[in-house]
1. Compute the signed sum of charges (Lys and Arg +1, Asp and Glu -1) over the other residues within less than 15 Å, Cβ to Cβ, of A:Pro525.
2. What is the mean projected area of the alpha carbon convex hull for chain B, to one decimal in square nanometres?
3. Compute the acute angle (0 to 90°) between the alpha-carbon long axis of helix B:397-406 and the principal axis of greatest extent of the alpha-carbon atoms of chain B; round to the nearest 10°.
4. Could you state how much accessible area A:Trp81 has, in square angstrom rounded to the nearest 10, with a 1.4 Å probe and all protein chains kept in place?
5. With a 1.4 Å probe and all protein chains in place, put B:Asp244, A:Asp503 in order of accessible area, largest first.
6. Given a Förster distance of 35 Å, report the FRET efficiency between A:Arg265 and A:Glu124 from their Cβ-Cβ distance, rounded to the nearest 0.05.
7. Which cross-chain or sequence-distant (5 or more) residues have an amide H under 5 Å from the amide H of B:Ala92, H modelled 1.01 Å from N in plane?
8. Leaving out ligands, DNA and RNA, and with a 1.4 Å probe, what % of the accessible surface on the stretch B:159-311 is carbon or sulfur?
2 protein chains.
Amino acid sequence: MGALRLPSLTSLFATSARSPSLSRRRHHLCLPLRPLSVQSGTPEKEISPELDGLKANQNTRIVDKEKDRVITPRSQDFNAWYLDIISNAELADYGPVRGTMVIRPYGYAIWEAIQEYLNVKFKETGHSNMYFPQFIPYSFIEKEASHVEGFSPELALVTIGGGKELEEKLVVRPTSETIVNHMFTQWIHSYRDLPLMINQWANVTRWEMRTKPFIRTLEFLWQEGHTAHTTLEEAEKEALQMIDVYTKFAYEQAAIPVIAGRKSRVETFAGANRTYTIEAMMGDRKALQAGTSHNLGQNFSQAFGTQFTDENGQRQHVWQTSWAISTRFVGGIIMTHGDDTGLMLPPKLAPVQVVIVPIWKKADERTGVFNATSSVKDTLQAAGIKVKVDDSDQRTPGWKYNFWEMKGVPLRIEIGPRDVSSGTVVISRRDIPGKQGKVFGISMDCSILVAYVKGLLDEIQSCLLERATSFRDCNIVDVSSYDELKEAISQGKWARGPWSARDEDELKIKEETGATIRCFPFEQPQGTKSCLMTGSPAEEVAIFAKSY
Amino acid sequence: MGALRLPSLTSLFATSARSPSLSRRRHHLCLPLRPLSVQSGTPEKEISPELDGLKANQNTRIVDKEKDRVITPRSQDFNAWYLDIISNAELADYGPVRGTMVIRPYGYAIWEAIQEYLNVKFKETGHSNMYFPQFIPYSFIEKEASHVEGFSPELALVTIGGGKELEEKLVVRPTSETIVNHMFTQWIHSYRDLPLMINQWANVTRWEMRTKPFIRTLEFLWQEGHTAHTTLEEAEKEALQMIDVYTKFAYEQAAIPVIAGRKSRVETFAGANRTYTIEAMMGDRKALQAGTSHNLGQNFSQAFGTQFTDENGQRQHVWQTSWAISTRFVGGIIMTHGDDTGLMLPPKLAPVQVVIVPIWKKADERTGVFNATSSVKDTLQAAGIKVKVDDSDQRTPGWKYNFWEMKGVPLRIEIGPRDVSSGTVVISRRDIPGKQGKVFGISMDCSILVAYVKGLLDEIQSCLLERATSFRDCNIVDVSSYDELKEAISQGKWARGPWSARDEDELKIKEETGATIRCFPFEQPQGTKSCLMTGSPAEEVAIFAKSY
């Protein structure tokens, strides 16, 4: 799992950056310098060009060269590339405590777009938001046997409160099944109280030893859904419904062609009977578990005594589910679509969908260009498109092109004096580099421009999904023997093959190849199959891959 | 501060409810029973009446009496009344750890409405959302002298992570100034990086000894804004801007006529130069500090070395602000507008603005009534009004009226067979009880009904504000001597009088009367004034009151 991580980077991320000298050293060693006068932390801010022009005369730190950022090529070192993008695009930064992360405005805006979409879907499917306390009595965690086994190694514990040693240690929630069940037990009386379907947006803490921004951090943000039902069938239907919501979100919003399926017993969530997952192929072909939905059966309801009186007056334990997507998904977007130029954001989740760069040289050109820019901005904004104007005169247009490409903005509109006279603009696509992605002479006329931009954004959204899908499909190999599986994994690919062997065989594969069963995909080939390991009949194919 | 709290209630809330017997005992002792088949935790859920009718025949727990809830009269015991409302309206529940609170869907929906409004205002005023880790190295808290003094008694500390004792204890954030400054120091280089204006929606932890749902809990939800500026003047302007955002929110959305002003030195935030506040008068005439905005000066920037290079190339410390509103505000809404019937929600923040209760007796009336109900619901929903239909046949209309009045829904629409034939509805206002608040024969015609309902919602919003304003104004007494002040406070009122005395005098008043200076209001009377305590000239009047 940590095999691809360079020791230097890992240990740097693991180092506290409390002293400024250390923090500076870290930057010198491996992280690229920040562009000097980029508006750190406030991408929405717009500096008045007049004021800025004044200031510029007195400022000695103006950088006018085209590039002052360095992004390690993806092919050279995928992990370094990933960290460079996070740093250069100002998505996140290291927190002072080992393994923690500060999500910066541009990164947080992507998370907000994810929240906005999912929050609506959760409500449409009958869930209500609420909030549970994050401190859980330690004894709760111990109640469900496999849950405590899975989570106890990575707990953060509060032992002192208000200056006093606590009688019982408190767990900072790693997930909330236990406290949810404690409360459900008080709220659920009869079948009339069911189904009980809730969700919370919250922070959770897991004391991970190997961390990586967005992908695995000590604290992360997520939503966790929790439901209770009268029957197993209803819980199963709910678990499937929610993995379906996640799948649609991944395809339609994030342009990530995840493979949805069921986890193997070995990889099932601690406390669940079944775990459904969406697995995404990153640019280095490692798998990312991007969302999960669990059928918890009666495991927690039995541990916590969560019962209801059924229609016949009998007491029964409820059947439950839980499901979650986290800020990890932001990492998945970076590693699915990014390239050597930087981030590439799917239009539907991009905080800025269109950046407008006005171009002028002489003072008398400026007014015309700025008026046109402002009118184009208003036109697009009124049509619900997220627009940003970069009219600072601190930077050349070339520098700005590179900067906003690095930030992954799907479309760039350039407006110069000649465009103003012809009443047109130049539009460049982030996903198609150079002249091929550039169209000249698009009319500024409101209805034409809006339709054209919307059409392009849709096209980019589709293109990103198509590209990722064909990348994924080129890198999944159908295998029918363990040798073929090993060969595929050693080439860095995913192996798909029939599987009906024992848990021990699965663990052996992990040990010998580093790959695990990512899932038994919902979409299964027809026909009879023989297990790649044992040759015995197998009902399903499984996907094996190295993963984050 | 704890004077009005009954010992029994306080200690009960302070007791862990981990064992079911304890939890049950608590209910028997002081908390009202929950209505038996009310849809706990899923107010949005709609049970199909057909299915429910079937179930009803087999169910023995149907309660058909008009009242099965008890709300202690406000005048009898304000605190018990408050807890009864929170329990009956299913706003919140006790968490398993002493002093923690579970925010239930109906309570959380009020918080979501608060978030929705403020989040837009924060962005409009140039702030970006982001997220800081909640674990702060203990050494950070010690860096700002008055900050550590203010917060160290109420810290929760993580001392064990991943099974190991930590080298440095971690503070679970009580507020984020320290970690924010640690990061700002890395992001701010020159005046070009300023102003830096961010906000985060987060949970915070303060180890309070005396807790009360929403008002003061170990963990609560809030937003905290943090900004850095080049000048004192700019920081001051920002601090004032944000208290103004809060003031408008309180008046226009929550219908709470807060008094905005400046805190006394004694009451200023630990680490701030100036604290601005909005103070609200609750139904028991105690003051609630409902939001604060701090001008932090250079206190944190000096402690953390947060510097920028100014236009002349000189290094300077940044000037900062922070400002926050929390889930405490939900408590403020309950205690401002609620009455003996239950909650009363301002229409602009109500999760349900209109509840429709269909009324029928014979089976042949049902279809007509249900069709009309459904069409009225669609009409109102399409107009952006938040509507809920209560068509369960488990309960009588009378029971439903009481229930939704208790939940504080601003308007109720009744539709019976006679209304169907006349194409009209009956509308009842929550804020005007009985026949006086009831209007018959409002046309179901789409345009008429929508305009009527919207007009009524606006009127209720204004009426709640007017009522609260006149209550407030009747309970503020202008005083010119300490004797008059004592008299006003002993009557439970707020005292407003000229003040220029020493901090020691202020503390003496607190000791002798229980009242503190809530603020020096922005709105000040004209003319020369003499300090109520010393007789010396005073520039301002202050407001004194007992507070939560």
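1. So the surrounding residues net to -3.
2. Averaging across all directions leaves 30.0 nm² for the Cα convex hull.
3. 0 degrees
4. The accessible area comes out at roughly 0 Å².
5. Final ranking, largest accessible area leading: B:Asp244, A:Asp503.
6. The pair A:Arg265/A:Glu124 has a calculated efficiency of 0.60.
7. Result for B:Ala92 returns B:Arg104.
8. 46 percent
The values are calculated or read from the model by the stated rules, or taken from the named source; none is laboratory data. The model shown is predicted, which means the values in this text are computed figures rather than measured ones. Cβ coordinates were reconstructed from backbone atoms using ideal geometry, including for glycine residues, and neighbour counts include every protein chain displayed. Ligands, DNA and RNA are excluded from the accessible area calculation, which covers all protein heavy atoms including side chains. Shrake-Rupley method; radii C 1.70, N 1.55, O 1.52, S 1.80 Å.
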